[in-house]
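The values are calculated or read from the model by the stated rules, or taken from the named source; none is laboratory data. The structure displayed is predicted, hence computed values, not measured ones. Cβ sites come from the backbone with ideal geometry, for glycine too, and all protein chains shown count toward neighbours. Surface accessibility is based on the protein's heavy atoms, side chains included, excluding ligands, DNA and RNA. Shrake-Rupley method; radii C 1.70, N 1.55, O 1.52, S 1.80 Å.
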Amino acid sequence: MNRRVREALGGWAILAAALVAVAGLTAAFGTAPLRRTVTDFFLIALLVVGLQAFVGNSGIVSFGHAAFVGIGAYAAALLTIPAALKEQALPELPGWLLRAELGLLPSVAAATVTALIVAAAVGGAIARMRELAMAMATLALLVLVHAVLANWDSVTRGGYGIYGVPGNTTMWVALVGVLAGTLIARLYRASGPGLRLQATREDPLPARSVGVHVAAARFGGLLLSAAIMGAGGALFAQHILAFDPDQFFFTLTFTTLAMLVIGGRESVTGAVAGAGLVAVAQELLRTVELGVVVAGVRIPELPGIVQLSVAVLIILVLVFRPAGLVGRAEIEELVRRRRGSPGGTREDGPDREGAVIPGAAPAPRRPTVARPVGDRAVLRAVDATMDFAGLRALAGVTLELREGEILGLIGPNGSGKTTLLNVVSGIHRPTGGRVELGGRDVTGWPAHRVARLGLARTFQNIRLFAGLTVRENVQAAAPRGVGDAGVDEVLLDLGLADREGTPAAALPYGLQRRLEIARAVIRRPAVLLLDEPAAGMNEAESEELLVTIARLREELGCAVVVIDHDFRLILRLCDRVQVLNEGRTIAEGAPGDVARAPAVIEAYLGTIRPA
């Protein structure tokens, strides 16, 4: 069990204790209306948590999750309503459905599976869309499901609604439901699949470069979320006993999204807190809406005050707390802050082997045995051509990288260096030519498949998962089977161990560069592509980086391609240099020979005209 999962279980235990305490106090001292109100809160909190499992982790707003609640509610109702009542109200139902009289658990399981089936049927297409298109597609799903429920008279009774559902959902049943939902959501957020989905939320491009199949990650999150919503719908149906399609349409969509935004959409704790805050506010304002007497003065009815107040609350939160009331934090982090504990960020302490003092270079590692450059090509691009809307960025470039070799790829700005890396790493599909990795033709493969075959890279402009911590950035890139020990080793090796709990966006520039390299190194690649890793660094930082790259080559046994404008670094670091200009190779060979080549001098300095 890794550290994230242990922390998630600890945080869930605190949250569970709070919810159990609410239920216990209500049962001991509350009236029947209060018990019903608390049951309503538990059920709506379960729905908000289900919504958070997708929206919070993917960053994509869904307007369609109320559809899964409706599907679950109708499925459970049709399976639990007494047969005699169904024969009277829905005589056209199939015989097996007319006779079905399931209990609570079987009906919840069946509703969950039904919601999963619908999500699987539509989710594959939705998950491949762009973010805005996905949001609109979920809205279309909501309208479609509502239209089916409102017009399928023989099964749903259309606009007349369903009635006679057994009241199996007590306050304690609703409590178990929300506890199960929050546990699943917390474990998912802490799991590898959940972390990879969060990486796509932060930036899909580097997520692909570390092997994340973006569409598959989103599809998995959608399925889990739909399952929780379907189960919540089944419990909801057996609590309100009678309902119609309008109860699973825009009002429920607005309410659950409002609760999630107010509490904090990236936090399970925030989902529950938002549900609680809005539920309490709605309950208090309903009394005001019907008219109250204050100090002997009767205030008239104020229809719509509940919705108006929730809307105002949303606006205030978005203005003053855009990330929600609890932000991205979970309850265990809030408790640590309250106690003044640093949590996941390690403080400077007694010297440890390889310990890092902020601002200092990483401690020297053990000496390594130099690896000779092999003869076998691990990466080859043959006649790579890349056109962009009539502009030819690459014009038949051939690149060959041998085992254990460090190849410097240099050239003036706009010469095609980064484009070549994008082609061989799967970000761009080449217009012409062929790419081979480890002897396999990977031409046109998507970036996540290329990464899984053993290629890792950094970017010219730093692209980290800014909202994730240093440790989470590395964990999101770690292949399956790499545990906490492997992550610890890489963080220590790259001088980031003391910053592991710091959000990536809060790191200074040099450490952000190091983190990007650490994220690539955790995959133990056969080929490492570094796009201007020394950009923006001073001389001391560049020197430190040179030592780091050389050491990583020796320890990992990987081949490295380095793009950089620091010619001194390239000359000292690389075994071979290849020079591009205007999308073509103009020189290639040993660093010293390339530095003296007339074509290279002309490309960098221009032709000197005679006086």
Contour minus Cα-Cα span, Leu187 to Ile315, at 0.36 nm per residue, comes to 43.0 nm
Whole-Hz Karplus couplings 3J(HN,Hα) for the range 197-207, θ = phi - 60° and coefficients 6.51, -1.76, 1.60, Gly and Pro as x, run 5, 5, 5, 5, 5, 6, 5, x, 5, x, 4
If you plug each phi of the range 418-432 into the Karplus form 6.51 cos²θ - 1.76 cosθ + 1.60 with θ = phi - 60°, what whole-Hz ³J(HN,Hα) values come out, in order, with x for Gly and Pro?
5, 4, 5, 5, 5, 5, 6, 8, x, 6, 10, 8, x, 5, x
Starting with the highest mean, order 122-133, 549-560 by the number of other Cβ atoms within 10 Å, averaged over the residues of each peptide.
549-560, 122-133
In degrees between 0 and 90, to the nearest 10, how far off the longest principal axis of the chain does helix 171-190 point, with axes built from Cα atoms?
10
Given the Cα atoms of the chain, and with Rh set as the inverse mean 1/r over their pairs in the Kirkwood sense, what is Rg to Rh to two decimals?
1.08
Extension gain Glu489-Glu602, at 0.36 nm per residue separation less the Cα-Cα distance, in nm?
36.2 nm
Here the FRET efficiency for Arg376 versus Leu97, based on Cβ atoms and R0 = 60 Å and rounded to 0.05, is 0.40
Counting only heavy atoms of the protein chains, get the accessible area per residue of the range 181-289 (1.4 Å probe) and round it to a whole Å² value.
28
So, in nm, how far is label Val5 from label Ala389 when the simple model puts each one 7 Å beyond its Cα toward the Cβ?
4.8
How many percent of the accessible area of the chain is carbon or sulfur, using a 1.4 Å probe?
60
In whole Hz, the Karplus estimates of ³J(HN,Hα) for the range 387-399 (6.51, -1.76, 1.60; θ = phi - 60°; x where Gly or Pro) are 10, 10, 6, x, 9, 8, 7, 10, 10, x, 7, 10, 10
Stretch Glu543-Ala13 to full length: gain in nm at 0.36 nm per residue minus the Cα-Cα span?
186.0 nm
Degrees separating the helix 65-80 axis from the principal Cα axis of the chain, which is the longest one:
40
Sorted by chain and then number, the residues having a modelled amide H within less than 5 Å of the amide H of Ile586, at least 5 places away or on another chain, are Val579, Leu580, Asn581
Kindly express, to the nearest 10 degrees and within the range 0 to 90, the angle between helix 131-151's C-alpha long axis and the longest C-alpha principal axis of the chain.
20
Between Thr431 and residues 5 or more places away or on another chain, the pairs with built amide H atoms under 5 Å apart involve Thr385, Met386, Asp387
Average accessible area per residue (Å²) across the range 27-170 - probe 1.4 Å, nucleic acids and ligands excluded:
43
Starting from the amide H of Ile406, placed 1.01 Å from N in the peptide plane, find each other amide H under 5 Å away whose residue is 5 or more places distant or on another chain.
Val560, Asp575, Arg576
